[in-house]
Amino acid sequence: MLARIRQPRPRGSFSVSVCGRQLELWRIASTDPLAKDWEKARWKDGQLIMPGLTPLGLPALAAAAHARNFVTGAITHSFSRWAWSRARFQFGAEQYRAEIDALALRKGGGKFQRLDRVSVKFPPTDNNRIGTTYTSMCGTLVRVEIERATGALRIAKAYSVLECGQALVPEIVLGQSQGGFAMGVGYALLETLPPYEGGPGNGQWNLGQYLVARGSDLPLRDLEIEMLPPLTSDEPPKGMAEVVMIPVVPAILNAIFDATGRRFQSLPVTQTMLKGATA
Amino acid sequence: MTTLAITINGRALRPTEVRDDLTMNDFLREHLGMTGTKFGCGAAQCLSCAVIVDNPDGTSYTSPTCIASAASFDGKAIRTVEGHAKNGELSALQKAFISHFAFQCGYCTAGFLNEAQVLLERLAKKPVARAELEKIIAAALDGHICRCTGYIKYHEAVRDVILADPKRYLA
């Protein structure tokens, strides 16, 4: 079984579940007690791992699955409302139960075929009112340089560290982190919309006045992002959105305090305010 | 009305009558259906709408299209994001943007791509010292706003393309 499709849901991987077939590649008979343990198999670095057995490489598994008309692809659909939809699917002799509401499989080089579903359950609509917190933690260190004469601030170096559970696409988590850092810089130093007549309601505001961070506002070569491994091996992906943005603001304001002795109580801290503080 | 003669991505368009208050952005997106060029702030502040303008002397520059009339491009040759790939193969910059995950929503990408392409061509004509490269890339891209993820990754992607061919771009 090769479809390395993850359920949108954190728990386990769908791929492992549908593919009791890998047992054959491990030469485990269906009567063997080990056969009941196949859900313990895990993907790691391109290999299917099961305690006590030789890891199976993806290319070998793929070749065998194609050659022997095993499952080579899976498409799932699910729906979340702070809980996932659920259904059962008949798969060979087994009933497969998962937190998905549609499943299509492909065998060998064949076409995808939708499996019939039974016992479909959707989370109650009342769940729409629920708020859920995943708690992805984050911290930031910054080093700032403030030019005494002009109040111009430069972030010379920065470090952000976060833990967001299993990162499904680490490159995007890294990008979100870098982007979140930039937003934090804007929040701390640049972005403001005043209330009342001169505010955005006057229809004149645009990016010429509402200043957002540009590349030159960032330490382009000196921003280090550290993504910590999941707290536990089965920790779900928790989502991280713009969490990296948040501690950037107090980090910059604390750095300004360390540099100038001034505590600023409102945002953004502009160059004019900094010039006053360094005079 | 103005009769607009323009070359886009190497193809001369049949001269077209355009209203004088038609923006270049609307001309590209609405009249020609070339929606790769984006409309962002509408005030030439974000540069997501920038295209490349090629001078007769072989030099090029980028220009926003949101505040410029289509008529002001009469007689010019421009390149848009649709013109970078050749024979179905993405340009070195496009490949680098993808391999670096430089963009997320992609709205600013055409502008960054055009800007970086102009930079590459400028460096090919007039190479710079390695020590100056970071500043030159940063300065070239700085007019462009990215709100998702991109500044560092765009910067790294452009640098990688340049460093992959140092004889061409570096003095």
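Values in this text are rule-based calculations from the coordinates and carry no lab data. Model, not experiment: these values are computed from the prediction. Don't worry about glycine lacking a Cβ; one is built from the backbone with ideal geometry, like all the others, and counts go over all protein chains shown.
Worth a mention:
- Across A:44/B:86; A:40/A:121; A:44/A:157; B:125/B:153; A:157/B:125; B:76/B:126, pairs whose alpha-carbon gap is larger than 30 Å: A:44/B:86; A:44/A:157; A:157/B:125
- For a modelled paramagnetic label at residue B:167, 7 Å from Cα along Cα-to-Cβ, the residues of segment B:117-151 in reach, with backbone nitrogen under 17 Å, are B:124-128.
- Taken one residue at a time, the phi angles of segment A:225-230 give Karplus couplings (6.51, -1.76, 1.60, θ = phi - 60°) of 10, 10, 9, 6, x, x Hz. Gly and Pro are set to x.
- Length added when fully stretched, residue B:99-residue B:1, from 0.36 nm per residue minus Cα-Cα: 30.8 nm
- The alpha-carbon atoms of segment B:76-144 define a convex hull whose volume equals 123 cubic angstrom per residue.
- Averaging 1/r across all pairs of distinct Cα atoms in segment A:154-263 and inverting the result yields a Kirkwood radius of 15.7 Å.
- In this structure the amide hydrogen of residue A:102, modeled in the peptide plane, comes within under 5 Å of the amide hydrogens of A:77, none closer than 5 places in sequence on its chain.
- Coil-residue chymotrypsin sites (Phe, Trp or Tyr not before Pro) of segment A:92-193, DSSP, other Cβ within 10 Å capped at 14: A:112, A:134
- Long-range amide H partners of residue A:107 with built H, under 5 Å: A:72
- Relative compactness, segment B:2-83, computed as alpha-carbon Rg over 2.2 N^0.38 Å: 0.99
- Taking a ≥ b ≥ c as the square roots of the eigenvalues of the Cα gyration tensor, segment B:3-151 is prolate, since a/c reaches 1.5 or more and a/b is larger than b/c.
- Listed values for segment A:178-185 are Karplus-derived 3J(HN,Hα) couplings in whole Hz (6.51 cos²θ - 1.76 cosθ + 1.60, θ = phi - 60°), namely 5, x, x, 4, 4, 5, x, 4, and x replaces Gly and Pro.
- Computed from label points 7 Å out along Cα-Cβ, the spacing between residue A:216 and residue A:267 is 2.4 nm.
- Phi angles across segment A:231-243 convert, under the Karplus curve 6.51 cos²θ - 1.76 cosθ + 1.60 with θ = phi - 60°, into 3J(HN,Hα) values of 4, 10, 5, 9, 5, x, x, 9, x, 9, 6, 10, 4 Hz, Gly and Pro given as x.
- Principal axis dimensions, largest first and in whole angstrom, of the protein assembly as shown by Cα: 77, 65, 52
- Each of the GluC sites (Glu not before Pro) that DSSP puts in a loop and that has at most 13 other Cβ atoms within 10 Å breaks chain A; the longest unbroken stretch is A:1-146.
- Close amide H partners of residue A:43, meaning residues 5 or more places away or on another chain with modelled amide H under 5 Å apart, are A:49.
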